[in-house]
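The values are calculated or read from the model by the stated rules, or taken from the named source; none is laboratory data. Everything quoted here is computed from the prediction, not taken from an experiment. Here the Cβ positions follow ideal geometry from the backbone for every residue, glycine too, while neighbour counts run over all protein chains shown. Each accessible area value is taken on the protein alone, full model and side chains, heavy atoms only, with ligands, DNA and RNA left out. Shrake-Rupley method; radii C 1.70, N 1.55, O 1.52, S 1.80 Å.
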Amino acid sequence: MHYVMLGMLAMLLGQVCAAQAAEPLPLPKGPILLSVSGKIERTNVGNEAQFDRDMLEALGQASITTASILSKKKQLFEGVFLRAILERVGASGTSMSASALNSYKIDIPLEDLKYDPIVAMRVDGQVLKLRDKGPLWIVYPRDAYGALQTQAYDSRWIWQLNKLRVD
Amino acid sequence: MKRSLGNHKAGLVTLLAMVVLALCLSFAVVRLFGIDRDLRTEDTHTNLWMISQAEFEAALMAESLARYAGGEVFSDSEEGPEFRLAILISRMNVLLDDSQAEVIGRIGQLGDLKAAYLLLTLAEPLVGQKMSVEEALRLRTQVHELSYTLREIANKVVILNRAESASKRAMYLQVVLESFAILSGLILSAAFLLIKLFRGVQEASQARQLLRQEQELSDLVINNVSNQGIVMFDEKLECLLWNPGMESLLSVRPDEAIGRQMQVLDPLFSKPDIIDSLRQAIDGTSAIFEDETAGEPGQERCLEINCFPVSMAERRLGIAFVRDVTEQWLARKQAERQNFDLEIKVLQRTAALRQAERRLIAAIESAAEGFAAFDWTGRLLFANEQIWASAPVALWCREEMNLPVFLRCFSMCEGADERLLVVQPPFEEIEVDILIKKDVWAHLSVTKADGATIFVQLTDISAYKQVAAALQSALERERETTNAYRNFVSMVSHQFRTPLAILDSSAQRILRRGASLTEDELYSRIQKIRNAGSRLTRLVESVLNAAKLDEGRIELNPEPCDLVSLVMDIGERQSELNSHSTIRFQVPEQPVQVYCDTMLIEQVVINLLSNAVKYSGEQPVVEITIWTEGARAFCSVRDWGIGIPPDEMPKIFDRFYRARTASGIAGTGIGLNFAQRIMHLHGGEIQVKSNEAEGSLFTFDLPLSNVDQTQQAA
């Protein structure tokens, strides 16, 4: 029930985003949290689309409550839908390469968007910092789908995310 | 059937085995799923990777700190100690998370790691600000140590992993092998079942083929049996089968008959009792009956119908066999008619025979003789009234009369012998004269006719018997008389000759001696002559008396008298005659009145007394006793003389009979006979007890005479 309501909220926000989609990206004002490159339609700095915290927050809110391979107890992850970010930049590829501040890299096929993964900025209400997997963390609704409980998906939970390149 | 049961059992066992194997298989699958989960969650490689990442970050951190201490200014903030510390702390964080911490805890390095983490956290504010070169170098040393610690942890985790993965592999292998074994078992069972199924299908098809062949055979038989109609029907009496035989019997074609109600097909099947029988056949009861169709002579027909229950394909059906038995039926009817004629004839003959029998019986009934017939087993066939009326039968054998019983009745009669008692089949012929009641004699004859029937004839021969008895007694008397005369002649020749010889010799002596005889001598001779004379006289008297008695010339003139005085008088007189003898008396003091002819009784007493004296030798002692007993008076005379031999006792009362012991003693043999006959005239008897050489006791009895009798007599 909770998830259904969340899903409806997400759709509503998605429509809002779609309305925004046509607009050109503003220039980031604060520190850059995420830069998107590759096959994207909209950019703001060079051929990249750069986002500060406010810009990301503006893309709507999403949350997932789930356990993870790092924590057996359920945690509340809050942030924005990955889909919202990609739509904002007009991404048009089949997969993307995500890289982290700790030099971790992983390819994520864009079909994973069907699971509605989010880019979390808060865990259990605490804003994620660099020292604890911040500032961005891709989170899948692991508990909601059995298919997600595998190493392949677990390895896509990239934390300290800072770059996305759409191929 | 047995085989298929065995098949079923084997199949059942296989099925059961398969169920068990399937259960095992599902268990194995569950275990495989467990392994899968195991493989998915407990990824030790991740663990190692995490450790190596942390180690790398520690190395980077150490390098960054060294560069800082060297006074280097970082163009890229990502190479600065602050950024690297944050990254290292985040890496350490992950290592101290649940699953990673658990593995590290197992190798006992969690404490070191936690201490390092605490150190880094404490160093965080320091790194954020401007830290001195010394501080940076000290921190670098500590981080460097952390990297070594991490390497050590990695080593230990690898070793642990290897140990664990070895055991896990063994376990997985076991599970896989078990699953394989179970699968093989399943495949084998399935194969077995399949083979069974295949064989079953094969057998079923064979059975079907056999059944079809049988069906074809039975169809062939049913359709070609032309002299017998066969019809099958179901519980609604709907015709299922109608063979050509039926067609020829009832002129209904099979295609017209099948599927229609039996009642409609022919009037034969609409008769209520036939419908009943058909229904009973459906219910399981067989029936057989004949159906006759009346018609013109030569047109009548008789059908024999056999109904049986049939069970086909779990359905209860009935089958009827119909056969034309007209010929047999006609033959039977002919035979019945002839039988009837014969019976009439037999009845007429029987009536004629009965009449003849009645006539015969009437003849037998009216016959004077008793007549009975028995069959060879002794059962009574017939007996006329004379038989039933005969004394023994009337008394003893009214019920349950058969030949042995009948003859046993007569066995009690005088003249019967043991032949009448031992009768049993086969009976023998018997001829016997019997006294069936007082003065009635009968001749009983048992004869066999044709060896089967036994006739018994009972003829009254009383008249003949009476004549025979009269003749017999006359003959007896004649013989007795002859005998008496012979005895008499013998007695006379002895008894008369002696006195005559004495007379002659005395006379001779007197004649020869003449005058030379003395007075005394002459006297003695004359006395002898006289004695001989008187003896002769006595002899003659007694002979005359006997003759008188024989001729019945002695009359009895009874009168009351005193027996005591009578006997005493005689005794005294006897004593005077024979002075050498002693006579004792034991008599009552009162007179004993008896009723008798005194003259005759005197003769008796004299005879007994003289006998006693005569047969007692030189010194005779005689005892006379008189007593009364009841209405009679008794008188006994006892002596102690020569006695009588036992074998001669019965004869001593015969006339002219004299005992052996009496030879040499004069006597006629008439006395005792005479005395006994006198006593018989008085209604009494002389009884004798005697032992040879010990003496004799003669007792006679007379009726007592009381006053009343005296008066009556008067």
(request) Among the residues of the range A:144-165, count how many are closer than 19 Å to B:ILE89 by Cβ and either surrounded by fewer than 16 Cβ atoms within 10 Å (Cβ to Cβ) or away from every other protein chain (no Cβ under 12 Å) (or both). (result) 2
(request) Please specify each residue of the range B:383-408 satisfying the condition of being surrounded by 13 or more Cβ atoms within 10 Å (Cβ to Cβ) and either modelled with pLDDT under 75 or farther than 14 Å from B:VAL446 by Cα (or both). (result) B:ASN384, B:GLU385, B:GLN386, B:TRP388, B:SER390, B:ALA391, B:PRO392, B:VAL393, B:ALA394, B:TRP396, B:CYS397, B:MET401
(message) Suppose the filter is hydrophobic (A, V, I, L, M, F, W, C) and either outside any helix (DSSP H, G or I) or within 11 Å of chain A (Cβ to nearest Cβ) (or both); does B:ALA62 pass it?
(response) no
(request) Test each condition in (1) touching a helix residue (DSSP H, G or I) at 6+ places or on another chain (Cβ under 8 Å); (2) in a helix (DSSP H, G or I); (3) modelled with pLDDT of 85 or more for B:ILE626 and report the one that comes out false. (result) (2)
(request) State the number of residues belonging to the range A:26-66 that are open to solvent by 20 Å² or more (accessible area, probe 1.4 Å) and in a loop (DSSP other than H, G, I, E, B). (result) 16
(request) Confirm whether B:ARG91 is farther than 30 Å from B:MET171 by Cα, more than 9 Å from chain A (Cβ to nearest Cβ) and assigned to a helix (DSSP H, G or I). (result) no
(message) Please go through the range B:545-555 and give me each residue that is surrounded by fewer than 11 Cβ atoms within 10 Å (Cβ to Cβ) and on the phi < 0 side of the Ramachandran plot, ordered by number.
(response) B:GLU551, B:ARG553, B:GLU555
(request) Give the range B:644-681 a look and list any residue that's among the small types (Gly, Ala, Ser), over 21 Å from B:GLU602 (Cβ atoms) and out of contact with any Phe, Trp or Tyr (no Cβ under 8 Å at 6 or more places or on another chain), or say none. (result) B:ALA659, B:SER663, B:GLY664, B:ALA666
(message) Is it the case, given these coordinates, that B:HIS8 is more than 10 Å from chain A (Cβ to nearest Cβ) and at pLDDT below 80?
(response) yes
(message) Filter the range A:92-120 down to the residues that are out of contact with any Leu (no Cβ under 6 Å at 6 or more places or on another chain) and under 20 Å from A:ALA144 (Cα atoms) and list them by number.
(response) A:ILE108, A:PRO109, A:LEU110, A:GLU111, A:ASP112, A:LEU113, A:LYS114, A:TYR115, A:ASP116, A:ILE118, A:ALA120
(request) Pull up the range A:101-110, narrow it to residues that are within 14 Å of chain B (Cβ to nearest Cβ), out of contact with any Lys or Arg (no Cβ under 8 Å at 6 or more places or on another chain) and not hydroxyl-bearing (Ser, Thr, Tyr), then point me to the one that is least open to solvent (accessible area, probe 1.4 Å). (result) A:LEU101
(message) Take the residues in the range A:43-92 that are without any contact (Cβ under 8 Å) to a residue 12 or more places away in the chain and basic (Lys, Arg); name whichever of them is farthest from B:THR46 (Cα to Cα).
(response) A:LYS73
(message) Against the definition (open to solvent by 30 Å² or more (accessible area, probe 1.4 Å) and touching a Lys or Arg at 6+ places or on another chain (Cβ under 7 Å)), how does A:GLN75 come out, yes or no?
(response) no
(message) Checking the structure you have, find out if any residue of the range B:341-363 is among the acidic types (Asp, Glu) and open to solvent by less than 60 Å² (accessible area, probe 1.4 Å).
(response) no
(request) Quick one: in the range B:112-126, of everything that is more than 11 Å from chain A (Cβ to nearest Cβ) and aliphatic (A, V, I, L, M), which residue is most open to solvent (accessible area, probe 1.4 Å)? (result) B:LEU122
(message) For the structure I just gave you, tell me whether B:GLU618 is in contact with a Gly (Cβ under 6 Å, 6 or more places away or on another chain), modelled with pLDDT under 85, over 26 Å from B:VAL540 (Cβ atoms) and surrounded by fewer than 18 Cβ atoms within 10 Å (Cβ to Cβ).
(response) no
(message) Taking the criterion of being touching an Asp or Glu at 6+ places or on another chain (Cβ under 9 Å) and either more than 14 Å from chain A (Cβ to nearest Cβ) or closer than 30 Å to B:GLU178 by Cβ (or both), would at least one residue in the range B:47-56 satisfy it?
(response) no
(request) Look at the range B:63-101 and say how many of its residues are at pLDDT below 80 and crowded, with 17+ Cβ neighbours inside 10 Å. (result) 2
(message) Suppose we filter the range B:556-601 for residues that are without any contact (Cβ under 8 Å) to a residue 40 or more places away in the chain, over 20 Å from B:GLN676 (Cα atoms) and polar (S, T, N, Q); how many remain?
(response) 5
(request) Being in a strand (DSSP E or B) and over 11 Å from A:VAL123 (Cβ atoms) is the filter; apply it to the range A:67-98 and report the residue that is nearest to the other protein chains (Cβ to nearest Cβ). (result) A:ALA98
(request) Considering only the range A:111-131, state which residues are within 14 Å of another protein chain (Cβ to nearest Cβ), buried (at least 18 other Cβ atoms within 10 Å of the Cβ) and part of a strand (DSSP E or B). (result) A:VAL123
(request) List every residue pair whose Cβ atoms sit under 6 Å apart, with the two residues 6 or more apart in sequence or on different chains, where the first one lies in the range B:609-636 and is under 22 Å from B:PRO560 (Cβ atoms) and the second, anywhere, is open to solvent by 70 Å² or more (accessible area, probe 1.4 Å) and not in a loop (DSSP other than H, G, I, E, B). (result) B:THR625/B:GLN586; B:PHE634/B:TRP627
(message) If B:ALA373 satisfies all but one of (1) more than 26 Å from B:ALA468 (Cβ to Cβ); (2) assigned to a strand (DSSP E or B); (3) open to solvent by 20 Å² or more (accessible area, probe 1.4 Å), what's the number of the condition it fails?
(response) (3)
(message) Being closer than 24 Å to B:GLU304 by Cβ, open to solvent by 60 Å² or more (accessible area, probe 1.4 Å) and either assigned to a loop (DSSP other than H, G, I, E, B) or hydroxyl-bearing (Ser, Thr, Tyr) (or both): is that true of B:SER218 here?
(response) no
(request) Evaluate the following for B:ALA675: is it in a helix (DSSP H, G or I), of a type in the set (Gly, Ala, Ser) and either open to solvent by less than 80 Å² (accessible area, probe 1.4 Å) or farther than 25 Å from B:VAL621 by Cβ (or both)? (result) yes
(message) Just checking, does the range A:132-143 include any residue being open to solvent by 10 Å² or more (accessible area, probe 1.4 Å), within 14 Å of chain B (Cβ to nearest Cβ), touching a strand residue (DSSP E or B) at 6+ places or on another chain (Cβ under 8 Å) and in a strand (DSSP E or B)?
(response) yes
(request) Would you point out the residue of the range B:94-111, among those that are among the aliphatic types (A, V, I, L, M) and in contact (Cβ under 8 Å) with a residue 40 or more places away in the chain, that is nearest to the other protein chains (Cβ to nearest Cβ)? (result) B:VAL94
